[in-house]
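Heads up: the structure comes next, in structure tokens.
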Amino acid sequence: MAAPPTSPGTPISSKRELVEYIEAGCKPPADWRIGTEHEKFVFQNDSFLTAPYEGDWGIRSLLEGLRRFGWEPVLENDNPIALQHANGCSITLEPGGQVELAGAPLENIHQTCNEVHSHLSQVKEVAGELGIGLIGVGFNPKWKREDIPWMPKGRYEIMRNYMPKMGSLGLDMMLRTSTVQVNLDFQSEADMIKKFRVSLALQPIATALFADSPFLEGQPSGYLSYRSHIWEDTDPDRCGILPFVFEDGMGFERYVDYMLDVPMYFVYRDGAYLDASGQSFRDFLDGNLPALPGEIPTTGDWGDHLTTVFPEVRLKKFIEMRGADGGPWRRLCALPALWTGLLYDQSALDAAWDLVKDWTPAEHEYLRLEVPKQALKTPFRNGTLQEVARATLEISSAGLRRRNRLDAVGTDETGFLGTLYEIVDSGRTAAEEKLEKFHGVWDGNVDSIFKDYAY
């Protein structure tokens, strides 16, 4: 999640200004970029305990160790809770100490994969000195909620108190999930709408291909992506598949109306987060927010509020793809490749829309609920999701070929889809691979996951 804002922004007094804030994200294709974010769990090598914030092997020590690579700390109450780099990247902390790299906006997947490699190399160097390891999976495979230390960020305390009022799994979402996502641009409102619809419809495909969270507290959970299941009982006000995206009238203003109906969490003022949980941004526009009587919001407040919804696809000044479990290095490069191929080539975008345009609201809901359990084996129409995933990969691969973004030796971006082709050709997800080991060579002991799959 985001670090504290560095500037409050300018005052906002009308809904139109909220629309214009998002609309300002429109860019010509030459300026489109790819931003990749990925989280990982941090654990002690000997005990596999989740790293606390303080202590010799804590998250604070990891952040301070990373400063040797040119990272500068972001402080909250004198605690480093994020790092920033001149290259445009930042490192932030999720509530349970998951370390996230928010990558720079880059031009191609070659650069993205170099960025991932450099980041993992740095964190592994420091982690090795501290006796800790890092692992990319979608859900903490071993530890209970009460075993996870909380990070000292003010916004998390507010969310921690509010989440249990709205669903039974919200705290698990905060403490025990890990994801990889990609942020992509749009040219116009019409382009945004088409990309939003395609990516929202195909998000279950990403969930299936990246399914890598089959365990709950050391035992099989009954899900292949337990992380994805978590969102089903987190908060109905701010999660779900957003049926209005597929309806007539979708656009920037319609999304703003949705956001105005989502209750607030907080307002950031003078270095502190003020509890505004359950309060209305509409009231804030009118100067009637109970947390700040008489004040109207700023662009910073609106930007913060846009980060407090958790649908499978989220709109800010760009579009965020949020449906994938965290994973190993190869899949961290594969996710941006998948979506870049689908959305950054017009022929691919058209083909992807043709693939999904007749899917019904009931089918969208069905896939959202079934894919976390069955992944590629989910029955769909006259076959399974495996066939749809293969068709999706073919469209993406063709889009990447037409983009023709080459590395120094003349290789295009299609190779980054290789790990996904392996999954779809075999029909065997990373989650199923781990379950086989659990029932086989691991002899029912999930601890082996920390040894076999650490970065």
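None of the figures in this text is laboratory data; all of them are computed from the coordinates on show. Note that the coordinates shown come from a computational prediction; the quantities given were computed from them, not determined experimentally. Glycine also receives a Cβ, built like all others from the backbone with ideal geometry; neighbour counts cover every protein chain displayed.
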Filtering the chain for DSSP H helices with an axial alpha carbon extent of at least 30 Å and a Kyte-Doolittle mean of at least -0.5 returns 109-130
So Asp261 and Asn382, fully extended at 0.36 nm per residue minus their Cα-Cα distance, gain in nm 39.8 nm
Total charge of the residues flanking Gly133 in space, meaning their Cβ is under 11 Å from its Cβ, with Lys and Arg +1 and Asp and Glu -1, is +2
Computed for the stretch 1-116: size of charge dipole around the Cα centre, +1 on C-beta of each Lys and Arg, -1 on C-beta of each Asp and Glu, debye to nearest 20, value 240 debye
With 0.36 nm assigned to each residue of separation and the Cα-Cα distance removed, His439 to Ser426 gains 2.7 nm
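Please state the charge dipole magnitude for the chain, taken about the Cα centre, from unit charges on C-beta atoms (+1 on K and R, -1 on D and E), reported in debye and rounded to the nearest 20.
Values: 45 positive and 67 negative charges, 108 e Å.
Its charge dipole is roughly 520 debye.
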Ranked output for segments 376-383, 394-401, 136-143, 311-318 by mean other Cβ atoms within 10 Å, highest leading, reads 136-143, 394-401, 311-318, 376-383
hull vol. (C-alpha, convex hull) per residue for the stretch 15-452, Å³ -> 140 Å³
XL table Lys40/Lys434; Lys142/Lys316; Lys165/Lys357; Cα-Cα > 26 Å flagged, in table order, is Lys142/Lys316; Lys165/Lys357
Result for the chain, cysteines with no Cys Cβ partner under 4.7 Å, is Cys26, Cys89, Cys239
